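Student: Take a look at this one; I'll ask things after.
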Amino acid sequence: ADITLRATANSNENDEDYDGLVVFKNYVENASNGAIAVELFIGTQLCATGEECLQGVAGGSIDIYISTSGGAAGIFPYIQVLDLPYLMSDDRVAEEVLKGDFTRELRAKALADSDNKIRLMTIGNTGGWRNYANTSKTIKSPGDLKGLKMRTVPAALPQQVATAVGAAPTPVPWPELFTALQTGVVEGTANGITDIMNMKFTDAGLKYLTLDGHSYMGAFWWMSEDTFQGLSEDQRKIVVDGFAALQQATFASPKRKEIAAYQEFLKAGGEIYVPTPEEKAVFKDAVAPVFDWFKTEVPGGTEVFDMFNAAVASAQEAVDAERAADLK
Amino acid sequence: MLSLFLPLFLVFLMLGLPIVFGLVAAPALLLWWNGQERDIVLLYRNIYNGMDSFPLMAIPFFMLAGELMNRAGITLRLVEFAQAVIGHLRGGLAHVNILSSMLFAGLSGSAVADVSALGSMLIPAMEKQGYSTRFAAAVTAASSIIGPIIPPSGIMIIYAYVMGESVAALFLAGIVPGVMIGGSLMLIVRLLADKENLPQATRRATWGERGKASLNAFWPLMTPVIIMGGILGGVFTPTEASAVAAGYALLIGLFVLRSLKLKDIPDVFMRSGLTSAVVLLLVGAAMAFKTVASLSHTPELLAEIILGLSDNPLVLLFLINILLFIVGMFLDAGPAIIILGPILGPIFLSMGIDPVHFAIVMAVNLTVGLLTPPMGLVLFVTSSVSRLRVETVARATFPFLLAEIAVIFLITYFPALSLTIPRLAGFVE
Amino acid sequence: MTLLLALARVLGALNAAALTLGRWLGAACIGAMVVIILVQVLFRYGLGNALPWTEEAARFLMLWMTGLMAPTAFRRGGFVSVDMVVSMLPRAAAGLVSLLLLCLVALVLWKGVLIGWSEVTGFGGRFTMAAIKVPVSLDLSKWMSIPRSWMLASLAIGVTAMFSVCLELILRALVVLTGGRDRLPPIALTHTTLGAE
Ligand code: NA
Ligand code: NA
């Protein structure tokens, strides 16, 4: 191969990110007829955190990297807009938004904020939607979360969300979370089902899961702008198409993986509660203050919030129209 | 090419390069030689990131707690307590030495702290009662390694961090093996009593004296209860427990026992800070080394070789114990765990060995390695405390070492010994 | 040799002064770490109100403690090494081997200095810390998120100080090789043996 792209994901081979990368690798290597090779580094061999890996992307030691919104929030704080709860109604809408111009607008902002070093290639999914899970009781309303010690990352936004629904946000580092749930240092956590089962949190007493789907677990795929622009136009087209295929794959992968995860969760004695639309509406009302907080406190917050909401509105419209047409 | 980093590291090590520099220099030189200069920056970042971890914070805190307890004279109270309980046995002070180590282990996570604290007190005391310096040094050295086996434990923290295991589970799993080592050492003292012509203590302590000694040791002896109770009760995480232990030691030293003066504090902080800085940097360097190890696919190669030796897990466990023991002769436990854990752990896990069980086998084996020349930290410290040559201490320790090897094999082949307590506490399925 | 000796003395005095400051700051870091974690336990368990900034602040201090303390440990010979082979060599040969090793260390540290400061000033340093902030107005009404470069600087400072110590040790080794062992000012030896074991 003339060119080798070094891609890394800090997860493991069971993760959606890996599925996406495999599809990407296969597409790019085939379409370029072997001229471009993709080398995968899964785990923390090259770098372990968003800061470190993105620095690698900016400095050229890593070509492709996937971060969550939290991993890149220290430099692009506005991408946490995806973590704002209950703004998108379902997968169809979310996928419509992420395939559209919203991603391109974010790309332009990120390029500007990184001195043209880091390029947002696409946004996929990594683990479905965040749901509330806890060790003590069924959650049907914000009242049930009152005072519940809910694990969050130390970042401000998840803390605001937890506070808004009445929970007591409790920062615990990921490696200590299992023991913290087991001993009661925290009583709940907001993760996707595949993460819950990969970490065997059910063994630590996590039992009650409420499928409120409060935020979409977006996966941000970054590429070194220098590497990207160093490719010929044909090669760039192949890479862009490869990322489109990767996005499709990561949209599909969690939907397939969570089936087994939910079964395992039930088998381990877990209880799943699906809130009614009315109950979800109560949750959504409770988090309203978080939107104001995001607009005033997060740099670039108002602009991106409005951009996102406009994108969601038109995506909802498009999906509704398609649905209506399909129902005829 | 890159796989040469391991032999190159060993060459540097043998020439006397500090381990922390060897761990970085060997891979860095090879990367440079390979023209992979841009990857050298990965080494630096992995050192930084290897240290930037919340669970590792337990290391400075436990160092601090141990240093504070020593300065506050808590060690002395533990020895007096042990003396009142079993001092009347034949070879009384030798038994007291071992029991004190077991008690001290509940407060401290380090064998070196144990030797320096107890050795400087007990070796002269034993000499005065007619024990040979050789024997006194041997008992002190051999029993000090209980320190990191009974919780809390610096080595278990490092293992849990590197391998992603639960610190609480490893702590609990160390209790029985630690007590077994203590018991087996006492047995050896009993067996050697005639040969060494051990003195008989003058008289049995009265119940009044015992009560007084217990009262004096009460607050220090509450430390392990607070640590494990707080962790299991969900009051704090294992990492936070280490800060609680340091805070508690400070509190009883300053206000309950009043043996600690405010002016002692800066020096105590400095000493524990210096020790922890060395250990943290070593962990960081080892994480960077590990990165290069996995880039060069060495773990897979080694795993293939090991699995090629036998497909019987019991045989492999035997062979691995031999390997660990040999490694322990040349490397100290911390670096050995960081380098070998990620290589060996997955092999045995895939054969159905419980991760906590394997962790204990590995940790105990490598801890015992602190007693074996040529590289045995505990031997070195004992030699400086007792003013005996390292070889003399090593030879005198030999019978005790045999007992400890026997314990290693017992815990290897009877997993229940280590797993029962964590299982009862719900930490192991 | 007189020149070497003079250089060794000057650099030694500079290092000793800088490292003393480092030790005091490092001791303050470890004290603050204990307080911060105890405050967190109190707030979370006692008052049911967990604080978001404690974990990051304690890690910040731990890295600074390491960066500030490690150079002292290096200067006092506190880094664990195996001196089995060297102790079997004749004195002159052993001196030569340790001089060569020190040069290797200097090379490694110099590369570390270069990478370290480019990390601090580079892209990764511009990230903001997730939770710790510092007040930027006297009435504490305005707070600023601090950039990650403040934390990255800990290791860069540590490596730089270790490089300076390494140069001093090289000078001392040269003085010893040229027969001036007795005229070197002593370095306080570490009074603890080091290791997690
Ligand atoms: Na211990
Ligand atoms: Na050894």
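Every number here is computed from the coordinates shown, using simple stated rules; none is lab data. Note that the structure is predicted; figures quoted are calculated from it, not measured. A quick note on method: Cβ atoms are made from the backbone with ideal geometry, for glycine too, and the neighbour counts reach across all protein chains shown.
Student: May I ask which residue of A:TYR132, A:PRO154, A:MET197 lies farthest towards the positive end of the charge dipole of segment A:86-205, with charges of +1 (Lys, Arg) and -1 (Asp, Glu) on Cβ and the Cα centre as origin?
Tutor: Farthest towards the positive end: A:PRO154.
Student: Here's a follow-up. At R0 = 30 Å, how high is the FRET efficiency between B:ASP267 and B:SER384 if r is their beta carbon distance? Nearest 0.05 is fine.
Tutor: With R0 = 30 Å, the Cβ-Cβ based efficiency is 0.90.
Student: Still on this model: Excluding same-chain residues fewer than 8 positions from B:LYS195, which lysines have a Cα within less than 27 Å of its Cα?
Tutor: B:LYS128
Student: Now for a different question. Take segment A:1-152, drop everything but the C-alpha atoms, weight them equally and run the Debye formula without solvent; then report log10 I(q)/I(0) at 0.11, 0.16, 0.17 Å⁻¹ to two decimals.
Tutor: Rounded to two decimals, the profile gives -0.54, -1.04, -1.14.
Student: Next question. To the nearest 20 debye, what is the magnitude of the charge dipole of segment C:115-173 about its Cα centre, counting +1 on the Cβ of each Lys and Arg and -1 on the Cβ of each Asp and Glu?
Tutor: Dipole size: approximately 140 debye.
Student: Using only the alpha carbon atoms of segment B:153-201, find the Kirkwood hydrodynamic radius as the inverse mean reciprocal pair distance, in angstroms to one decimal.
Tutor: Computed over Cα pairs of segment B:153-201, the Kirkwood hydrodynamic radius comes out at 13.1 Å.
Student: Which aspartates and glutamates have a Cα lying under 19 Å from the Cα of A:LYS117, excluding residues fewer than 8 positions away in the same chain?
Tutor: A:GLU51, A:GLU52, A:ASP63, A:GLU105, A:GLU225, A:ASP226, A:GLU233, B:ASP39, C:GLU119
Student: Okay, moving on. Starting from the Cα gyration tensor of segment A:173-315, multiply each eigenvalue by 5, take the square root, and state the resulting semi-axes largest first in whole Å.
Tutor: Those come to 33, 24, 17 Å.
Student: To the nearest 500 deg cm²/dmol, what mean residue ellipticity at 222 nm is calculated for chain A from DSSP H runs of n ≥ 4 alone, each contributing -39,500 (n - 2.57), summed and divided by the residues?
Tutor: -16000 deg cm²/dmol
Student: Continuing with this model, one more query. Trypsin sites (Lys or Arg not before Pro), restricted to segment A:143-199: which are DSSP loop and have at most 14 other Cβ atoms within 10 Å?
Tutor: Passing both the DSSP loop test and the Cβ count: A:LYS146.
Student: Please compute the length gained on full extension between B:ILE226 and B:LEU402, using 0.36 nm multiplied by the number of residues separating them and subtracting their Cα-Cα distance.
Tutor: In short, 59.9 nm is gained.
Student: Can you give me the C-alpha center-to-center distance between segment A:284-317 and segment A:37-89, rounded to a whole angstrom?
Tutor: Centre-to-centre (Cα) distance: 22 Å.
Student: Could I ask something else about it? Just want the answer: with Cβ charges of +1 for Lys and Arg and -1 for Asp and Glu, which residue in A:ALA7, B:TYR161, B:PHE62 is farthest toward the dipole's positive end in the protein assembly as shown?
Tutor: Comparing the listed Cα positions along the dipole, B:PHE62 ranks first.
Student: Here's another thing I want to ask about it. Could you check how many percent of all C-alpha pairs in segment B:215-279 are farther apart than 13 Å?
Tutor: More than 13 Å apart: 69 percent of the Cα pairs in segment B:215-279.
Student: To the nearest 20 debye, what is the magnitude of the charge dipole of the protein assembly as shown about its Cα centre, counting +1 on the Cβ of each Lys and Arg and -1 on the Cβ of each Asp and Glu?
Tutor: With Lys and Arg at +1 and Asp and Glu at -1, about 4000 debye.
Student: Give the Cα extents of segment B:181-312 along the principal axes, in whole Å, largest first.
Tutor: Principal extents (Cα only, largest first): 64, 48, 33 Å.
Student: Once the Cα atoms of helix B:390-413 and of chain B are each reduced to a long axis, what angle between those two axes, in degrees from 0 to 90 to the nearest 10, is obtained?
Tutor: 70 degrees
Student: What FRET efficiency comes out for C:LEU14 versus B:LEU301 if R0 is 56 angstrom and r is the Cβ-Cβ distance? Round to the nearest 0.05.
Tutor: So the FRET efficiency works out to roughly 0.75.
Student: Roughly how many debye, to the nearest 20, is the charge dipole of segment A:1-134 about its Cα centre, given +1 on each Lys and Arg Cβ, -1 on each Asp and Glu Cβ, and no other charges?
Tutor: With only Lys, Arg, Asp and Glu charged at Cβ, the dipole is about 280 debye.
Student: Taking K and R as +1 and D and E as -1, what net charge do the other residues with C-beta under 12 Å from the C-beta of C:LEU184 add up to?
Tutor: Neighbour charge sum, excluding C:LEU184 itself: +2.
Student: Please tell me which of these pairs span more than 23 angstrom C-alpha to C-alpha: A:LYS284/C:LYS133; A:LYS237/A:LYS257; A:LYS146/A:LYS207; A:LYS146/C:LYS142; B:LYS290/C:LYS111; A:LYS137/A:LYS257?
Tutor: Those over the limit are A:LYS284/C:LYS133; A:LYS237/A:LYS257; A:LYS146/C:LYS142; A:LYS137/A:LYS257.
Student: Show that you can apply the helix-only estimate: for chain C, add -39,500 (n - 2.57) for every DSSP H stretch of four or more residues, divide by all residues, and state [θ] at 222 nm to the nearest 500.
Tutor: -23000 deg cm²/dmol
Student: Enter the mean projected area of the convex hull around the alpha-carbon atoms of the protein assembly as shown, in nm², rounded to one decimal.
Tutor: About 42.1 nm², averaged over all directions.
Student: How many nm is it between the label spots at A:ASP320 and C:LEU140, if each spot is 7 Å from the Cα in line with the beta carbon?
Tutor: Going from the A:ASP320 label point to the C:LEU140 one covers 4.9 nm.
Student: Using every alpha carbon pair in chain A, what percent of pairs falls into each 20 Å bin from 0 up to the bin containing the largest distance?
Tutor: 31, 59, 10
Student: Compute the angle between helix A:277-286 and the longest alpha-carbon principal axis of chain A, please, reported from 0 to 90 degrees and rounded to the nearest 10.
Tutor: 80 degrees
Student: Per 10 Å bin, what percent of the C-alpha pairs of segment A:151-245 does each bin hold, from zero upward?
Tutor: Over segment A:151-245, the share of Cα pairs per 10 Å bin runs 13, 35, 20, 17, 13, 2 percent.
Student: If you wrap a convex hull around the C-alpha atoms of chain B and split its volume per residue, what is the figure in Å³?
Tutor: Roughly 140 Å³ of hull volume per residue.
Student: Expressed as cubic angstrom per residue, what is the convex hull volume of the alpha carbon set of segment C:82-139?
Tutor: Enclosed volume per residue, from the Cα hull, is 175 Å³.
Student: Still on this structure, please answer the following. Calculate I(q)/I(0) for segment C:59-197 by the Debye formula, one identical point scatterer on each C-alpha and no solvent, and give its log10 at q = 0.10, 0.14, 0.19 Å⁻¹ to two decimals.
Tutor: -0.48, -0.79, -1.16
Student: Tell me the label-point distance for the pair A:LYS237, B:LEU215, using the 7 Å Cα-to-Cβ offset, in nm and rounded to one decimal.
Tutor: 9.2 nm
Student: Still on this model: Taking the Cα centre of the protein assembly as shown as the origin and placing charges on Cβ (Lys, Arg +1; Asp, Glu -1), which of C:LEU107, C:MET144, A:VAL287 is farthest toward the positive end of the dipole?
Tutor: After comparing all options, I get C:LEU107.
Student: Give, in whole angstrom and from largest to smallest, the semi-axes √(5λ) of the equivalent ellipsoid of segment A:17-96, with λ running over the eigenvalues of the Cα gyration tensor.
Tutor: After diagonalising the Cα gyration tensor, the semi-axes are 26, 20, 10 Å.
Student: A further question on this structure: From zero up to wherever the largest Cα-Cα distance of segment B:285-325 sits, split into 10 Å bins and tell me the percent of pairs in each.
Tutor: It works out to 27, 40, 31, 3, in whole percents.
Student: So for chain B, averaging the separation of alpha carbon pairs under 8 Å that are six or more residues apart and normalising by length, what relative contact order in percent results?
Tutor: About 25 percent, as a whole number.
Student: Angle, helix C:91-121 long axis vs. longest principal axis of chain C, Cα atoms, 0 to 90°, nearest 10?
Tutor: Tilt relative to chain C: about 30 degrees.
Student: Within the protein assembly as shown, what percent of beta bridges assigned by DSSP are antiparallel, to the nearest 5?
Tutor: 55 percent
Student: What is the gain in length, in nm to one decimal, between C:TRP150 and C:CYS103 on full extension, counting 0.36 nm per residue of separation less the C-alpha to C-alpha distance?
Tutor: 13.9 nm
Student: Per residue and in Å³, how big is the convex hull formed by the alpha-carbon atoms of segment C:17-80?
Tutor: Per-residue hull volume (Cα only) is 75 Å³.
Student: Kirkwood Rh and Cα-based Rg: tell me the resulting Rg over Rh for segment A:225-265, rounded to two decimals.
Tutor: On the Cα set of segment A:225-265, Rg over Rh gives 1.32.
Student: Once the piece of chain linking B:LEU10 and B:GLN129 is laid out straight, how much longer is it, given 0.36 nm per residue of separation minus the C-alpha distance between them?
Tutor: Gain on stretching B:LEU10 to B:GLN129: 38.4 nm.
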